[in-house]
Amino acid sequence: MSESQDFSYLHTMLRVGDLERSIHFYTENLGMKELRRADVPDGKYTLAFLGYGDEKSNTVLELTYNYGVEKYEPGTAFGHLALGVSDIYATCEKLRAAGAKISREPGPVKFGTTVIAFIEDPDGYKIELIERKTLTSRF
């Protein structure tokens, strides 16, 4: 059962307290597109799927809004999401100007050379930015 062709990574789901605020953060600040949305009144929740490309060939982010729940605690088990960027310093400056919280300024990881930074989304989820010089900037 260890053959990788049997599996594909589809999405990561985050519960959010304000769906529109979170969609705005990921689309306007991180360049994702809203791919689809499903409102399920009988289940009292709405799902929004965001990403950088279609769901057939890209892993996406699922935002889940449960009616009436305004805040979640991220907990101690969840770590972070990670996004590659071509120029981490310029990206952080653009995000800072847009009001994003930079929780770790750009710089090399301890005991290494990879340049990273951390930001937080409106619900406090951590997002690691990793500089990848070969990427074309989305910001």
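Read-outs: derived from the displayed coordinates by stated rules, not from any lab. Quick caveat, the model's predicted, so the values are computed rather than measured. Positions of Cβ are generated from backbone atoms using ideal geometry, with glycine treated the same way; all protein chains shown enter the neighbour counts.
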Subject >> Taking region 1-72 and dividing mean pair separation by its residue count, relative contact order in percent (alpha carbons under 8 Å, at least six apart) >> reply: 39
Original post:
Of the labelled options (1) 109; (2) 156; (3) 326, which one gives volume of the Cα convex hull per residue in Å³ as computed for this structure?
Top reply: (2)
Original post:
Once phi is turned into θ = phi - 60°, what whole-Hz ³J(HN,Hα) does the Karplus curve with 6.51, -1.76 and 1.60 give for every residue of region 66-75, x standing for Gly and Pro?
Top reply: 9, 3, x, 9, 9, 8, 10, 9, x, x
Subject >> Relative contact order, percent, region 13-139 [alpha-carbon distance under 8 Å, six or more residues apart] >> reply: 25
Original post:
Considering only DSSP states other than H, G, I, E and B, which GluC sites (Glu not before Pro) in region 1-89 qualify as loop sites with at most 11 other Cβ atoms within 10 Å?
Top reply: Glu3, Glu70
Subject >> Anchor Lys133: aspartates and glutamates whose Cα lies under 16 Å away (excluding residues fewer than 8 positions away in-chain) >> reply: Asp87
Original post:
Which percent, nearest 5, of DSSP beta bridges in the chain are antiparallel?
Top reply: 70
Subject >> Integer Hz, Karplus 6.51/-1.76/1.60 couplings in order for region 111-117, x for Gly and Pro >> reply: 6, x, 10, 5, 9, 10, 8
Subject >> the chain: calculated mean residue ellipticity at 222 nm from DSSP helix runs of at least 4, using -39500 (n - 2.57) >> reply: -3000 deg cm²/dmol
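Hey, got the dipole for region 1-72? About the Cα centre, +1 on K and R Cβ, -1 on D and E Cβ, debye to the nearest 20?
Computed charge dipole of region 1-72: roughly 160 debye.
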**OP:** Go through Thr76, Tyr26, Thr91 and say which Cα lies farthest out towards the positive end of the charge dipole of the chain; charges sit on Cβ, +1 for Lys and Arg, -1 for Asp and Glu.
**Re:** Thr91
Original post:
Which whole-number percent is the relative contact order of region 75-139 (Cα, under 8 Å, 6+ apart)?
Top reply: 42
